[in-house]
1. Which members of the range A:7-25 meet the condition of being under 18 Å from residue A:100 (Cβ atoms) and either surrounded by 24 or more Cβ atoms within 10 Å (Cβ to Cβ) or among the basic types (Lys, Arg) (or both)?
2. Please go through the range A:146-160 and pick out each residue that is buried (at least 16 other Cβ atoms within 10 Å of the Cβ) and either more than 10 Å from chain B (Cβ to nearest Cβ) or in contact with a Gly (Cβ under 7 Å, 6 or more places away or on another chain) (or both).
3. Taking the range B:1-53 only, how many residues are more than 8 Å from chain A (Cβ to nearest Cβ), of a type in the set (A, V, I, L, M), closer than 19 Å to residue B:132 by Cβ and free of Cβ contacts under 8 Å to residues at least 60 places away in the same chain?
4. Out of the residues in the range B:54-79 that are assigned to a helix (DSSP H, G or I) and surrounded by fewer than 19 Cβ atoms within 10 Å (Cβ to Cβ), which is nearest to the other protein chains (Cβ to nearest Cβ)?
5. Testing residue B:194 on (1) in contact with a Phe, Trp or Tyr (Cβ under 7 Å, 6 or more places away or on another chain); (2) of a type in the set (Gly, Ala, Ser); (3) modelled with pLDDT under 90, one condition comes back false. Which one is that?
6. How many residues, within the range B:155-181, are out of contact with any strand residue (DSSP E or B) (no Cβ under 9 Å at 6 or more places or on another chain) and farther than 19 Å from residue A:34 by Cβ?
7. Residue A:187 passes all but one of (1) assigned to a loop (DSSP other than H, G, I, E, B); (2) more than 10 Å from chain B (Cβ to nearest Cβ); (3) free of Cβ contacts under 8 Å to residues at least 40 places away in the same chain; (4) surrounded by fewer than 17 Cβ atoms within 10 Å (Cβ to Cβ); which number fails?
8. Mind checking whether some residue in the range A:99-106 is crowded, with 21+ Cβ neighbours inside 10 Å, touching a Leu at 6+ places or on another chain (Cβ under 6 Å), at pLDDT 95 or above and farther than 23 Å from residue A:190 by Cβ?
There are 2 protein chains.
Amino acid sequence: MDNKALYSLSYGVFMVGTRSKDVKNGCITNTCMQVANNPTRVAISVINTNYTCYLIKESGMFTLSMLDNTVSFETIRHFGFQSGRDVNKLESLPLPEDDNGIPYMGWSACAMLSGKVLDSIDLGSHTMFIAEVTDAKVLSSNPPLTYADYQNHVKPKPQKVDEQKKIKGWKCKICGFIYEGEQLPADYLCPICGHGPEDFEPVYE
Amino acid sequence: MDNKALYSLSYGVFMVGTRSKDVKNGCITNTCMQVANNPTRVAISVINTNYTCYLIKESGMFTLSMLDNTVSFETIRHFGFQSGRDVNKLESLPLPEDDNGIPYMGWSACAMLSGKVLDSIDLGSHTMFIAEVTDAKVLSSNPPLTYADYQNHVKPKPQKVDEQKKIKGWKCKICGFIYEGEQLPADYLCPICGHGPEDFEPVYE
């Protein structure tokens, strides 16, 4: 079985907004699809250890903003590369809110929807939420950013390094966790965010 | 609520292959995402009235071929615009098969996976299947076709018609069903395949 085959599934890039009581948060995901109509329902899958997953389970509500091709890497880093457990991401970047007081993207997004969770399925590494779409807005006419566009055009390219330098560890590009050791095991999964070796970069001496 | 917002979700275009006993079939869908890892699992959503949905429920297995940007409209029409209830689609277009004897695309696909259904959720219009990926292959280095690419570059543009001509009905471009009447209701759903007004084209007198 060649896991690289799964890389050919096409995805968008989304900001998932959440609120539970006074806590508001936003994170970046790439999985959302419409799964039924009449009424319209979508499914999203969120890593179980993510704060967003916890907040959706608590409140049963979220927003999903479909990022467009004007988004900067800084915006994706702000929402995607730090945890709402450590940082209030909305404090320095206030966002508009839907009718439930849940933040959504006020820029660099072509559309948004509000979801009310109908069912959640725990899949071990992730929880899949099936949600009725209770509101949806077109925000701009810019084309949506695909995950392939993000990988090819938005995400910074790894910098070339001196091949003489010795690797002393591997850093998870998603959450920042450091694995100490020269060789990252091929089946390694980040203990913080669950991502695999393709999302680690070397740390040099 | 503006349903057009949902058009900004990004999808691929897939051929779903099925087999139950001696019956083999293939159809076109646009919904598949990886929902969990370790083991790798995907979710697909299939219209309940489709023959493919019935065959997956019977056998608990399917293949999913990720179509690439070399695919022709004729291939999509062959698998997507007729039902396996009426036509044996594999008779005139034999395909390779996975270890379970289920057909997958031998051309115009960049990757394929074999799925074993773990759970199915009936959502009224569609059934969502959650499946463990039991095999996966890279088939070519061509980029995957996105659903936006299909709409903009593969699907034929509607032909301009004489504005004097009177509309006598509306034809579903997905399954061929004819709605008789000059005006298609804005919330109309095809009784055969469940698609909405955006997938109907006028039939002139």
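The values are calculated or read from the model by the stated rules, or taken from the named source; none is laboratory data. Given the structure is predicted, the values throughout are model-derived calculations rather than measurements. Here the Cβ positions follow ideal geometry from the backbone for every residue, glycine too, while neighbour counts run over all protein chains shown.
1. Applying the first criterion (under 18 Å from residue A:100 (Cβ atoms)) to the range A:7-25 yields A:14-25.
Those that are under 18 Å from residue A:100 (Cβ atoms) and either surrounded by 24 or more Cβ atoms within 10 Å (Cβ to Cβ) or among the basic types (Lys, Arg) (or both): A:14, A:15, A:16, A:17, A:18, A:19, A:21, A:24, A:25.
2. Across the range A:146-160, the qualifying residues are A:146, A:147, A:150, A:154.
3. The total comes to 1.
4. B:57
5. For residue B:194, the failing item is (1).
6. The total comes to 7.
7. So residue A:187 meets the others, but not (2).
8. yes
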